[in-house]
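Notes follow once the structure below has been shown.
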Amino acid sequence: MRYDSIAVHGGRKDEKSLKAPSYPLYLTSTFVQDQLGAENEYVYSRSGNPTRDNLEAQVAQLENADFALATASGMAATALALSLVRPGENILINSNVYGGTWSYVNSILQEHDSSYQIVQDLNQFDFSQATPETSLLFIETPSNPLLEVTDLEKVIKAAHENNIKVVVDNTFMTSYYQKPLDFGADIVVYSATKYYGGHADLIAGLVLLNDPEVYEKLKLHRKVLGAMLSPFDSFLLNRGIKTMPLRMDRQAENTQKIVAYLQTQKAVEKIYYPGLTDHPYYDIQQKQATGNGAVFSVVFAKDFDLAAFCAALKIFDLAVSLGGVESLVCHPASMTHESYSAELQAEIGIEPQLLRFAVGIEDYQDLLADVAQAIQKGE
Ligand SMILES: *Cc1c(COP(=O)(O)O)cnc(C)c1O
């Protein structure tokens, strides 16, 4: 089966009971044992639940991965992957990553006597210059919110040659557009809250990998930390994924049209979007992904009134998050990336006049009209 069909038919079959086309929701904490010493397949939902197992089978098939773990949030997925870092070790991260990931490395990782180093452009980085303590590279591509692109094949190869494991946060692309494991990544993490879920009604994360030993270790970490996804959210996520290819294609189409319109506007100084041919790594994006996604960021002119623009938007809501059916706009400097210091924001280019757009599945004509009338208010 191809991707869109796996999205619909992947995962387990409800063979045992009533052959429902959607896998049943086992809303239970515990499972009854027949007698002393005779454990059944399932014992307790923190360690295993059939509805979550069904979701994990579905997402592993979509990713060509051997193993999947569904977690309570995208941050739980990232934290699980980073739980592999030992005291004394160093990790590398690209310069603009999700705010929560930044908070993690800047707090918990440091408290555990590990260190991190920000790399401005991984494509230009010489891995033989990394400290001997460097054990892990964390890549977000395209990155958040500046949509920087990292050459997965080249960078993963260079990291591996220097004994550095690679984790990729693939939230912006999903396995529909990009499969980092196929380029050699060791672990892929997701905020499934975004495109996988797609309806802004749940918080969830995913970890995908091929190494059986690391899988067993992370599965144990998830169990003892209690970081698993609930059966109910597993059910919702499984349902959301069935329409993910349709949603993402529509979102990407809408995005292209809005970006093209914004390019004609005087109030717009710069647009960050990997689907634009003048993006510095446009060719790399086209080589490693089958789409450009539905997130882009815009730097507006100094005298453009961002507050008036945001207040005037009627269809785009002002909110953090992305990947849902509804269009959103957010101000990274004060919202998603407020945990970065002002100096760091300035250094990596999270300007005060920057807005991030996450496009939904509405009719593009309504979205264009909404942006057009709001631009008039900001000018
Ligand atoms: C939202 C997001 C996360 C965190 O996911 P949660 O589900 O909110 O915990 C991590 N990485 C990226 C790129 C995100 O957009």
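The values are calculated or read from the model by the stated rules, or taken from the named source; none is laboratory data. Quick caveat, the model's predicted, so the values are computed rather than measured. FYI the Cβ positions are ideal-geometry reconstructions off the backbone, even for glycines, and counts take in every protein chain you see. For accessibility, only protein heavy atoms count, side chains too; no ligands or nucleic acids. Shrake-Rupley method; radii C 1.70, N 1.55, O 1.52, S 1.80 Å.
Worth pointing out:
- Residue within segment 7-22 that is part of a loop (DSSP other than H, G, I, E, B), of a type in the set (Lys, Arg) and crowded, with 17+ Cβ neighbours inside 10 Å present: yes
- For segment 56-92, a residue qualifies if it is under 22 Å from residue 119 (Cα atoms), more than 16 Å from the ligand (Cβ to nearest atom), in a loop (DSSP other than H, G, I, E, B) and touching a residue at least 60 places away in the same chain (Cβ under 8 Å), and exactly one does: 84.
- The selection criterion, being within 12 Å of the chain's Cα centre (by Cα), surrounded by fewer than 24 Cβ atoms within 10 Å (Cβ to Cβ) and under 30 Å from residue 271 (Cα atoms), holds for residue 194.
- Segment 203-215 residues that are open to solvent by 10 Å² or more (accessible area, probe 1.4 Å), paired with ones that are within 16 Å of the ligand (Cβ to nearest atom) and polar (S, T, N, Q) (beta carbon under 9 Å, 6 or more apart): 203/73; 203/191; 203/193
- Pairs, first over 17 Å from residue 236 (Cα atoms) in segment 8-29, second part of a loop (DSSP other than H, G, I, E, B) and among the charged types (D, E, K, R), C-beta under 9 Å, six or more apart: 19/13; 29/46
- Residue within segment 148-161 that is more than 16 Å from the ligand (Cβ to nearest atom), free of Cβ contacts under 8 Å to residues at least 24 places away in the same chain, out of contact with any Pro (no Cβ under 8 Å at 6 or more places or on another chain) and more than 25 Å from residue 234 (Cα to Cα) present: no
- Of the candidates 138, 67, 125, the single residue that is of a type outside the set (Ser, Thr, Tyr), open to solvent by 20 Å² or more (accessible area, probe 1.4 Å) and within 23 Å of residue 215 (Cβ to Cβ) is 67.
- Among the residues of segment 110-139, those that are closer than 14 Å to residue 155 by Cα and of a type in the set (Asp, Glu) comprise 121, 126.
- Among the strands (runs of 3 or more DSSP E) confined to segment 288-377, the ones with at least 1 residues that are of a type in the set (Phe, Trp, Tyr) are located at 295-300, 354-358.
- The single residue among 126, 113 that is away from the ligand (no atom under 12 Å from the Cβ) and at positive phi turns out to be 113.
- Cross-chain or 6+ apart pairs with Cβ under 7 Å, segment 93-113 first and touching a residue at least 60 places away in the same chain (Cβ under 8 Å) and in a loop (DSSP other than H, G, I, E, B), then within 10 Å of the ligand (Cβ to nearest atom) and open to solvent by less than 10 Å² (accessible area, probe 1.4 Å): 96/143; 96/144; 96/145; 97/140; 97/143; 97/144; 98/140; 98/144
- Enumeration of residues in segment 162-207 that are basic (Lys, Arg) and within 10 Å of the ligand (Cβ to nearest atom): 194
- Taking segment 270-319 as the range and being closer than 27 Å to residue 170 by Cα and of a type in the set (Lys, Arg) as the test, the residues that pass are 270, 287.
- Scope segment 271-295; condition of a type in the set (D, E, K, R) and either open to solvent by less than 100 Å² (accessible area, probe 1.4 Å) or closer than 11 Å to residue 178 by Cβ (or both); matching residues: 287
- Residue match in segment 328-341 (condition: in contact with a strand residue (DSSP E or B) (Cβ under 7 Å, 6 or more places away or on another chain), open to solvent by 10 Å² or more (accessible area, probe 1.4 Å), closer than 27 Å to residue 282 by Cβ and of a type outside the set (A, V, I, L, M)): yes
- Checking every residue in segment 341-353 against the condition of being within 30 Å of residue 246 (Cα to Cα) and hydroxyl-bearing (Ser, Thr, Tyr) gives zero matches.
- Filtering segment 311-325 to residues that are open to solvent by 60 Å² or more (accessible area, probe 1.4 Å) and of a type outside the set (A, V, I, L, M, F, W, C) leaves 314, 317.
- Of all the criteria given as (1) open to solvent by 10 Å² or more (accessible area, probe 1.4 Å); (2) in contact (Cβ under 8 Å) with a residue 24 or more places away in the chain, the one not satisfied by residue 173 is (1).
- Listed conditions (1) more than 15 Å from the ligand (Cβ to nearest atom); (2) modelled with pLDDT of 95 or more are all met by residue 345, apart from (2).
- Qualifying residues in segment 253-265 (those that are open to solvent by 20 Å² or more (accessible area, probe 1.4 Å) and in contact (Cβ under 8 Å) with a residue 60 or more places away in the chain) - the one farthest from the chain's Cα centre (by Cα): 265
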